[in-house]
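Beneath this line is the structure, given in structure tokens, with notes to follow.
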């Protein structure tokens, strides 16, 4: 492409030969030198948008092991290359400098947060679920009718969960004896 002069107003460029303003007349010196982030990527990884349960396909462009761009995947039978505004902006979710990358925990009545390892957090959650189930378990009614339930554990799922995840969550909490299992998408 021939070099653009230092600065020529777009109207003059348009009058000089690009009457519809589709080529050089609509292009600044800076925009002529820009290169798409997708062109410089080392690899492209196919993924699914994390924002809702629709499951739109995404193409994630990676350079130097860092996400540089996310676009809709035209091969996706669900979204056919389209993304909603949240899905289009999901690159910011990955690269936001304020993104939490560790487990944060604030003990009861504490004023400061603590960093926990994933292992410690998982063990803390498991211990609390087991203890709550044991403390709130109802084996039978006062009349001796079987209940086998707990009213101390409830679950509210989110809209980002897909059918398979919801199926497993429902099975898990029902097996634990919880009777209050709901999903935000239904509310």
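Adding -39500 (n - 2.57) for every DSSP H run of four residues or longer, then dividing by how many residues the chain holds, sets the calculated 222 nm ellipticity at -8000 deg cm²/dmol. With an a/c value of 1.5 or above and a/b not larger than b/c for the gyration tensor axes a ≥ b ≥ c computed over the alpha-carbon atoms, the range 103-186 is described as oblate. Computed over the chain with a Gaussian network model linking Cα atoms closer than 10 Å, the most mobile of 34, 161, 118 is 34.
Its residue count N fixes a reference of 2.2 N^0.38 Å for the range 43-95, and the Cα radius of gyration divided by that reference is 1.03.
A short reminder: the numbers here are calculations on the coordinates, not readings from a lab. Source: prediction; values computed, not measured.
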